[in-house]
Amino acid sequence: MKILVIGGGGREHALAWKLAQSHKVQAVYVAPGNGGTARDKRLQNVALTDVKALREFAQSERIELTVVGPETPLAAGVVDEFRAHGLRIFGPTQAAAQLESSKAFSKAFMKRHSIPTAEYETFTDPAAAHDYVNAKGAPIVVKADGLAAGKGVVVAMNLAEAHEAIDFMLVDNTLGVTHNAGGARVVIEEFLQGEEASFIVMCDGKNVLPLATSQDHKRLLDADEGPNTGGMGAYSPAPVVTPEVHARAMREIILPTIRGMEKDGIVFTGFLYAGLMIDAQGKPKTLEFNCRMGDPETQPIMMRLKTDLVDVLMAATDPNAQIRFDDLELEWDRRSAVGVVMAAHGYPMHPRKGDVISGLPQDADDVVVFHAGTEMSGGHVRTSGGRVLCVTALGGTLKQAQQLAYETAQDIHFDGQQYRRDIGYRAIAR
């Protein structure tokens, strides 16, 4: 069968890499792909991003399954377009993707369905937002109501940072947020104490299949210092998600979300990512929803997944599939996985492009370098975005996986490269 993966980042490279391992697959196309997918002989890049053009390609090539990686095509209605033409696609509709594309929609949904989350208010007027922050004090969280490539959240530890974030999002749009209808809007919410984890599930509209637990590191610098980013690394499993926390997250957050969407007349299919804040008592609250797999969480999760991903996706998109989605149990590698993101000079605000990357290793059973912001140019792999690579390794322990990832990263070079040296430190210290 032929499969299409929509997107060009590290998440999409990892999904395509995993799908290509299935003996059922004849070809995996990645649109638009990157330098890493271009180097893999099992994958084929397709220079398309327009929703209609993607649908026409799927029809002409007789693509039997399409998987959507990033948020932008979901918010643009790619799933609606494909389904309207009888094409099999895994992802949420444009209406369901509002859980991610609109923070205001998401927070109102959680409040309506009693899903635990932080207290909040929504603003379009900068003066009112500034007054609210002054009244509440810091720390406080400011979120852009729109797509911002993982950078639309500012955890302001003081009032000056909060006021700056409001101006960034409502006045100058320095962060490049894609605003929703009605113009610029921010959600300002209470600061939650605890430890974050990424809780990702797959859903066929009614049934839910949890993926392996994971945790990412948002801050640019070691010890969670520096500016927020799209993610500087991740690991799986996440020890903070104990069996008790897992059960509670399913019972209080995931299942009420799926049922709530159905009740609101918006059936949810696809990947659902709940960013959790877990307090000292093991009680999770929802920081945000994404309607896709996380990046860089996908990379270590795909390294650990032993089940054929094609079977899972076919079951999720076809109620008459040989294997029923609600009968599936995923098999995971017992080893831990750590992914270290190597970012471009100037990331996250002004990433430089065009630097030549050297020292890239061949894929191995226990270490793979997934590409994100790369392209093939002039016979070289070059940087083309902020997060460039995710060096992902397996190990008998988290410490061993971490060690192998960093040993591999040390041999890779591009001018101005930056990466954290402590991915996984919280779990290793537990």
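The values are calculated or read from the model by the stated rules, or taken from the named source; none is laboratory data. What you see is a predicted model; the values in this text were computed from it and never measured. All Cβ positions, glycine included, derive from the backbone under ideal geometry; neighbour counts span all protein chains shown. These accessible areas exclude ligands, DNA and RNA; they are computed on the full protein's heavy atoms, side chains included. Shrake-Rupley method; radii C 1.70, N 1.55, O 1.52, S 1.80 Å.
In table form, for the structure just shown:
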quantity	calculated
Considering residues of the stretch 227-283 that are open to solvent by 50 Å² or more (accessible area, probe 1.4 Å) and of a type in the set (A, V, I, L, M, F, W, C) only, the residue nearest to R83 (Cα to Cα)	V267
Single residue of the stretch 378-430 satisfying the filter (of a type in the set (S, T, N, Q) and either under 23 Å from D333 (Cα atoms) or touching a helix residue (DSSP H, G or I) at 6+ places or on another chain (Cβ under 8 Å) (or both)) that is least open to solvent (accessible area, probe 1.4 Å)	T392
Strands (runs of 3 or more DSSP E) enclosed by the stretch 212-283 - at least 1 residues per element that are over 17 Å from P296 (Cβ atoms)	225-228, 270-278
The one condition in (1) touching a strand residue (DSSP E or B) at 6+ places or on another chain (Cβ under 7 Å); (2) assigned to a helix (DSSP H, G or I) that L87 fails to fulfil	(2)
Sole exception among (1) at pLDDT below 95; (2) farther than 30 Å from Q193 by Cα; (3) open to solvent by less than 10 Å² (accessible area, probe 1.4 Å) for I323, by number	(3)
Selection from the stretch 199-211 of residues that are crowded, with 20+ Cβ neighbours inside 10 Å and assigned to a loop (DSSP other than H, G, I, E, B)	D204, L211
Checking M303 against (1) at pLDDT 95 or above; (2) open to solvent by 10 Å² or more (accessible area, probe 1.4 Å); (3) closer than 27 Å to K111 by Cα; (4) over 13 Å from the mean Cα position of the chain (by Cα), the condition it does not meet	(3)
Some residue of the stretch 128-140 being under 19 Å from the mean Cα position of the chain (by Cα), in contact (Cβ under 8 Å) with a residue 40 or more places away in the chain and assigned to a loop (DSSP other than H, G, I, E, B)	no
Strands (runs of 3 or more DSSP E) (entirely within the stretch 314-430) containing at least 2 residues that are over 19 Å from E12 (Cβ atoms)	336-343, 387-395
